[in-house]
Amino acid sequence: MENKFTAIILAAGMGTRMKSNLPKPAHKACGKALINWVSDAAKKAGAEKIIAVVGHGKEEIEKIAREGTVFAEQKNMLGTGDAVSSALPFVEPGYTVILCGDTPIITAETIKGALNETVEKGLDALVLTADAEDPTGYGRIIKENGLVKKIVEEKNCSPEEKKITEINSGMFVFKSDALLSSVPKIEKNEVSGEYYFTDTVEILVSKGKKVGSYKIADFDEIMGVNDRVALSKADAVLRKRINYDLMYSGVTIIDPERTYIEDGVKIGRDSVVLPGTVLEGDTVIGADCVIGPDTKLKNTIIGDGTEVVKSVGLDCVVGENTTVGPFAYLRPDTKVGNHCRIGDFVELKNSAIGDGTKVSHLTYVGDSDVGERVNFGCGTVTVNYDGAKKYRTTIGNDVFVGCNSNLVAPVTLSDGAYTAAGSTITDDVPESTLAIARARQVNKDKWNDRRKNKK
């Protein structure tokens, strides 16, 4: 049976080393705020209630945190003990897990494993620990008979204690009643004037309570993001995790180190992602697609069997068995149908493109409703803006738009209409009609000879 718990996420710190106006837990790794990485892991592990301790930049944290999060404000900023104390009124009976809002790599499996260990061994509290190659700067775990006796900060370590490589991750599991009884007993540190949450270990041990440890195998999981360098490292770890999960699910990623895919992006089986591709937001890619190289898609839906090459898609939808690119730009609110061809240096904006339509090259289609099996000649422009207002162009089925045509909106080309090359169309074109809107050609005989004779 899954063990349920309350999660407290400490997210009140200043994060001064980030040198940012944004609170540290609000910074993003692989498209998701640090605090939400932690919150999602806790939820997946079985958290029934999530309490975020906020302070600096609390409005921003409250805005981005997951729905249902309870906020506890740390008003005095007097250390980790003070932070946890502010959350105590919201703690539920059972078990409580203490997590850090700047450790996005922690996994649900680790949280669940630590909680299960606490329950199965009848512990009152448990410290999540890790073995560090270089433990410098970390609190050391002091044990006796297999149980944690205390946590000693490095500055207070004896020479022998400094040799210990098992370090404190800053994350804990508590029986809720043990947490509620021990935190109020934390005394203010005489030097710093702060309340250290780690003192709860000694408080519990002095009362004959059992404090255990759970060693995290992957040291990366305790990585705290304190500056932009650490943020980059965390992003790299999470990006690798995302890419590998996709590959294990049946997606081919040719070069994972040169492919950026944010959390939440979905890709179907047997799709191939080529190097230099960036997939962001709520992007969904179907099966048997080829994406890239050097392609950016954000909040974009791609149908099965579609290929997108060296192009950009933002907040748009592309159907099945369609080709896009190279160097196409699909702007927001664009919907491309099935079996279409959107070619090189084509820009689409706020337009619907019907099935089987070809917009092959060097064309701008904006604010337009385009039917099925339409063919756009090279250099076509839908002229949608008169300097004050934007207007729509409507194109029916089986229309042929001659190269270098300007379609001046509002204008309608009915089913089967044709426009002659070089035409500027300002009036509606009826069904099956050829529209020619250009000056008649005039040839000036011997004009060049006369020009030369004037010199």
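What follows draws every value from the coordinates through simple rules; no lab data is involved. Not measured: the values here are computed from a predicted model. Note: ideal-geometry Cβ built from the backbone for every residue, glycine included; neighbour counts use all protein chains shown.
Where in the stretch 290-388 are there strands (runs of 3 or more DSSP E), lying wholly inside it, with at least 1 residues that are surrounded by fewer than 21 Cβ atoms within 10 Å (Cβ to Cβ) and aliphatic (A, V, I, L, M)?
The strands (runs of 3 or more DSSP E) meeting that bar are 312-314, 358-366, 381-383.
Scan the stretch 37-57 for residues that are surrounded by fewer than 21 Cβ atoms within 10 Å (Cβ to Cβ) and small (Gly, Ala, Ser) and jot them down.
46
Go over the candidates 198, 129, 136 one by one and state the one that is out of contact with any helix residue (DSSP H, G or I) (no Cβ under 8 Å at 6 or more places or on another chain) and among the polar types (S, T, N, Q).
Residue meeting the stated conditions: 129.
Is the stretch 431-450 home to any residue that is part of a strand (DSSP E or B) and either of a type in the set (Gly, Ala, Ser) or without any contact (Cβ under 8 Å) to a residue 60 or more places away in the chain (or both)?
Among the residues of the stretch 431-450, at least one is part of a strand (DSSP E or B) and either of a type in the set (Gly, Ala, Ser) or without any contact (Cβ under 8 Å) to a residue 60 or more places away in the chain (or both), which makes the answer yes.
Would you check if there is a residue in the stretch 128-144 being aromatic (Phe, Trp, Tyr), touching a residue at least 12 places away in the same chain (Cβ under 8 Å) and under 20 Å from residue 52 (Cβ atoms)?
No, because not a single residue in the stretch 128-144 is aromatic (Phe, Trp, Tyr), touching a residue at least 12 places away in the same chain (Cβ under 8 Å) and under 20 Å from residue 52 (Cβ atoms).
Hey, residue 411 hits all of (1) out of contact with any Phe, Trp or Tyr (no Cβ under 6 Å at 6 or more places or on another chain); (2) touching a residue at least 24 places away in the same chain (Cβ under 8 Å); (3) closer than 20 Å to residue 433 by Cβ but one; which does it fall short on?
Result: residue 411 passes all but (2).
Select from the stretch 417-455 the residues that are surrounded by fewer than 16 Cβ atoms within 10 Å (Cβ to Cβ) and among the small types (Gly, Ala, Ser) and list them in ascending order.
Within the stretch 417-455, 421, 432, 439 qualify.
Of everything in the stretch 10-36 that's closer than 20 Å to residue 72 by Cβ and more than 20 Å from the chain's Cα centre (by Cα), which residue is surrounded by the fewest Cβ atoms within 10 Å (Cβ to Cβ)?
In this case the residue turns out to be 14.
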